[in-house]
Each structure stands twice: as structure tokens, then as C-alpha cells.
Amino acid sequence: MNQQTDRIIIFDTTLRDGEQSPGATLNVDEKLAIARSLARLGVDVIEAGFPYASPGDFIAVQKIAEAIGSENGPTICGLARATRQDIAKAAEALKPAAKSRIHTFLATSDIHLEYKLKKTRQDILSIVPEMVAYAKTFVNDVEFSPEDAGRSDPEFLYQVLERAIAAGATTVNIPDTVGYTTPAEFGALIRGIKENVPNIDQAIISVHGHNDLGLAVANFLEAVKNGARQLECTINGIGERAGNAALEELVMALHVRRSYFNPFFGRPAESTEPLTQINTKEIYKTSRMVSNLTGMMVQPNKAIVGANAFAHQSGIHQDGVLKHKLTYEIMDAESIGLTNNQIVLGKLSGRNAFQSRLKELGFDLGETDLNKAFLRFKDVADKKKEITDWDLEAIVNDEIQNAPEVFCLELVQVSCGDHARPTATVIVRNANGEELMDAAIGTGPVDAVYKAINRVVDVPNQLIEFSVKSVTGGIDAMGEVTIRIKHEDRIYSGHAANTDIIVASAKAYLIALNRLYAVLQQKEQEAMV
Ligand code: KIV
Ligand code: ZN
């Protein structure tokens, strides 16, 4: 079957490769919330996880397949090493999805063969078709990735790909696993595959790449010019080490420079037909959700979604933009959904107005979550006269952040000032409903709060990152706190928003501690079995 496509397929791997970023661990509810957001964004394929990796990953893939994998929704994909047990597990997790894909991979570079796999090229040539054919017994849509393709011998790669396609792979993905190639090299690799793999017209060529040299997006765009039609990417470019190619950068490059890319798709340069199916207006919101839930902050100067991406500081630039936007802007902030931030609700707004605005923003909350969010909204509206869309998002993201709540904040109170010793009192309720109260002195109010919490929640950890930013402008703005803590080489994050940044700081810390505590408990249970 000819597998060609005249547009780009967006394969989002935020929930798989993105979640491999240190500290980006998400629970099932958070993964579901992100998957919903990705579906609204219009991605074609969601790589929901690696089902064999852990029971948690299995459940997340299964739940996403169930909740989002409808006939009109995205294809749900699960990763599997090229082994029978991995592939069977992925197939089982994916069963509830109307459209499912198994993505199996095996390394092809000599360095991986010799040191990691201890296998010969001949071994790879026989394992790959066998495992692709096995995956094919479960699903029709099978993707094969020769891991570390960027450093593999192209002649050997052609042979592996030919066999994978002959065994039924409908997508062949070319990973630059270590982010080593340059754009010209990566483009040439894709061109070589197109020219030298005899049955290549029976599969879509996909690309996957890491950003170790900051070249992932540039590499992908060269790959597109040479025939790649699926791009594997993540929101905010999160992922293993320096991350993956960023979805928002790829999509907006193909959108803004459509007339440059159109001819590579056999279209006239002036064609206005989009090159991807992404609803670009959902980009900013999805970016914020991923950043909040993973605790992976977006750098201010990050292309497309950074806080400064549309800010003009220099007087000359400001003057130019006021005279004509196009003098210094190549795209509209509106096109990524950024300026849709009008004041929408206030203290007197009722539950219906609240719910319908949330629906317009794409949040369809169940009764319990809606009630919780409405109470929070009322609380915020009491303190802050005007509630914007961004405030609403912060409230909802806070509420759906279902970190297991063993320790819950009942009270935090601080006293500080230039002549006072910063002192904090906290009351934390534990899973047995007991209220644990203590107080501490710190170098500042947040330090005092964290010290007081440490006195009642005895989970040793090291604070490695703490950041506060405001959701909107204005002195009464809500503050968002993101923190990352470390315990035995693993990082746990917490995020909370509140009009009081001390409360947000305490809540963010407890969320991270609850996550850490859940992992410690699980380890204890596993040790007992
Ligand atoms: O980077 C990589 O090679 C991967 C593969 C599993 C596609 O993530
Ligand atoms: Zn990867």
C-alpha cells in the first residue's frame, strides 16, 4: 500500500520521551489532562507511554486509549523495545483505542550494537522483521525506529528499513538519538533513505531528534525538504537530556514560512492550505499546561512560547510595531492563542458563567472538579477584582493536578519584615486526618515555611529549584510557584498558584513532597513482596 501523504503528520511524544526529562514525572490524571489538551491541539498521534516500563505507564496508556482514542481522535501509540513481551504489553494497553499504533525500536549504530546490545548486524537484520511482523499480529499501524540512526552506517540502515517495511512497518522513524547530526547531514540521510530503500513508498518517513547541539528543529526542517512526512516532537521541547524538537517551533515554522515549504509538498508557493492539522491557537495553552504539570519551566526567550517571545523592549522596535506590526513581528501573538486574555469574570459571576467560560477554553470538568474549581474561583475573585482567562487556567490546572494528597496544607502563617526574624507556622493534615503543627525560623519567609513543613513531614530532600512568576500583570496578580526537589538522584516537581505567594510556595512544596512520598511508599511495598 502506498503510504504517502501531502501534509505533515504531527506525532507528539511529550508523554513518553518528554516525560523522560528529569523531574517531569506525571501521574495518570495529569497525563490524561495533557492528552486531552494534545487532542484539542490537533496532533495526529499521541505517544502515550512505554507500557512495559512500569505498571503506571501501562495504566496511563490504557486510560488515554480509553478516554481519548476515539474514531475522530488522534491515533494512540505505545512504545516497545523489539521484544515479544514489550510488544504484547503495548498491544494490551492500546486495546481500547479506535486507532492504535505500536512503535517498536532497536538500535542500528555499531557503537550501540557492540557495547549496549552485544549483537551483530546480522542479528539486527533478523530481529527487526520478526518483531515488526509480531507487532503486526496486534495492530495494522506499526512504526519501526532504528535507534541512533544518526550515527548508523547508512548502507546498513537501508537494509534494516527495507526489511522492516517488508514485514509490515507503515512508518519508519529515523532518530537522531544523541542529537549529533547537522541539518545538511540529516537532510542527506533522509534523501539517501528515499533513494536507496526500494520499498520506501510503502511507508511514511518520520524523524525523531534530540537537541544536544540545539539543532533538532533545523534538522527536522531539512528532513521535511527531503521527504520526511512525520515529525516526532514534544511541547516546549522537553525530553531526554537537552530535550526533543519542539512541536510549537516546528508547527509555526511550517505555518509562517508556508510559501517556502509548499513546493516541497508539490504545492504552489502561494497555497494557503495548512501543512499540519494543528490548531495553532491552542499552542500557548498547551505549553502552559505542560510546563505547570511537569514543573519544567519555559525559558523567557524560548521561541514561540517564551514570556518574551512577543515582547518588544527597544524603543525603536516599539515605535515600529506601533506604526505597523509587520515591521518587527513575523507572526501574531493571537495565532498561538496568546493574547486571548480579556477580563472575563468577576466576584459576582455565577457557576454557569464560570462553567461556560471554562468550556470555551476547552476545559470540560466533571462535577467534583468543577465544584472544587468554582470554590477556588470564588476565593480568588474575593481577592482579585478581575479574573482573566489565564487566571482561570491557573485555577483549573491547580485543581486537576492530582498529586496523591497524603499531606495537605491546613494553615500557613508567616511573620517577616526588615527587623523581624522570618518565622512560619504550618498545620499539615496527614492521611489519618491528624493535624501536625510546627513552626520554624528561616532566612526568609519561604525558607521558614519549608523548614516548618520539614519538621512535620519527615521526607529528606534537597530543594534544587524554586521560581515564582505572576500569572498576569498587576499588583493583585496570582503568583505561580514551581519547585523541584531531589531525593536519591530523582527529581520531583510541584506547582501551585495563589494570590498569596507564600501559600502557593507551601502548596507547591507539599505537592512535590506528596509525589516523593508516593514513590517511597511504592518502593516499600515492592520490597515487601
Ligand atoms: O531518541 C530515540 O532514539 C528514541 C527512540 C525510542 C525513538 O526516543
Ligand atoms: Zn528520543
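The values are calculated or read from the model by the stated rules, or taken from the named source; none is laboratory data. From a predicted model like this one, the values you see are computed outputs, not experimental measurements. Here Cβ is always computed from backbone atoms with ideal geometry, including for glycine, and neighbour counts include all displayed protein chains. Side chains included, ligands, DNA and RNA excluded: accessible areas come from the protein's heavy atoms. Shrake-Rupley method; radii C 1.70, N 1.55, O 1.52, S 1.80 Å.
Kindly establish whether residue 108 is more than 19 Å from residue 230 (Cα to Cα), within 16 Å of ligand 2 (Cβ to nearest atom), in contact (Cβ under 8 Å) with a residue 40 or more places away in the chain and surrounded by 24 or more Cβ atoms within 10 Å (Cβ to Cβ). When the stated conditions are applied, residue 108 passes them. Inside segment 222-243, residues that are in contact with a helix residue (DSSP H, G or I) (Cβ under 6 Å, 6 or more places away or on another chain), more than 22 Å from residue 164 (Cα to Cα) and not small (Gly, Ala, Ser) make up a count of 8.
The residues in segment 438-455 that are farther than 29 Å from residue 289 by Cβ and open to solvent by less than 30 Å² (accessible area, probe 1.4 Å) can be counted, and the count is 5. Against the test of being more than 20 Å from residue 145 (Cα to Cα) and either touching a residue at least 24 places away in the same chain (Cβ under 8 Å) or more than 16 Å from ligand 1 (Cβ to nearest atom) (or both), the options 68, 10 yield a single qualifying residue, 68.
Candidates in segment 207-228 are the residues that are β-branched (Val, Ile, Thr) and more than 14 Å from ligand 1 (Cβ to nearest atom); of these, the one that is most open to solvent (accessible area, probe 1.4 Å) is 217.
Screening segment 194-217 for residues that are in contact (Cβ under 8 Å) with a residue 60 or more places away in the chain and within 16 Å of ligand 2 (Cβ to nearest atom) and picking the one that is nearest to the chain's Cα centre (by Cα) gives 208.
Taken residue by residue, segment 242-252 has at least one member that is modelled with pLDDT of 95 or more, closer than 22 Å to residue 151 by Cβ and open to solvent by 10 Å² or more (accessible area, probe 1.4 Å).
Note on segment 117-158: residues that are open to solvent by less than 10 Å² (accessible area, probe 1.4 Å) and at positive phi total 1.
Taking the numbered list (1) open to solvent by 30 Å² or more (accessible area, probe 1.4 Å); (2) at pLDDT below 80 in turn, residue 362 passes all entries but (1). Among the residues of segment 229-264, those that are within 14 Å of ligand 1 (Cβ to nearest atom) and closer than 23 Å to residue 195 by Cα comprise 230, 231, 232.
Every test in (1) under 28 Å from residue 395 (Cβ atoms); (2) surrounded by 16 or more Cβ atoms within 10 Å (Cβ to Cβ) is passed by residue 435 save one, and that test is (2). Scan segment 16-65 for residues that are touching a residue at least 40 places away in the same chain (Cβ under 8 Å) and either acidic (Asp, Glu) or in the same structural domain as residue 393 (by TED's automatic domain parsing) (or both) and the total you get is 6.
Report the residue count in segment 388-423 for those that are open to solvent by less than 40 Å² (accessible area, probe 1.4 Å) and in contact (Cβ under 8 Å) with a residue 60 or more places away in the chain.
Looking only at that region, the number is 15.
Taking segment 350-439 and the strands (runs of 3 or more DSSP E) fully enclosed by it, the elements with 2 or more residues that are more than 28 Å from the chain's Cα centre (by Cα) are at 408-415, 423-429.
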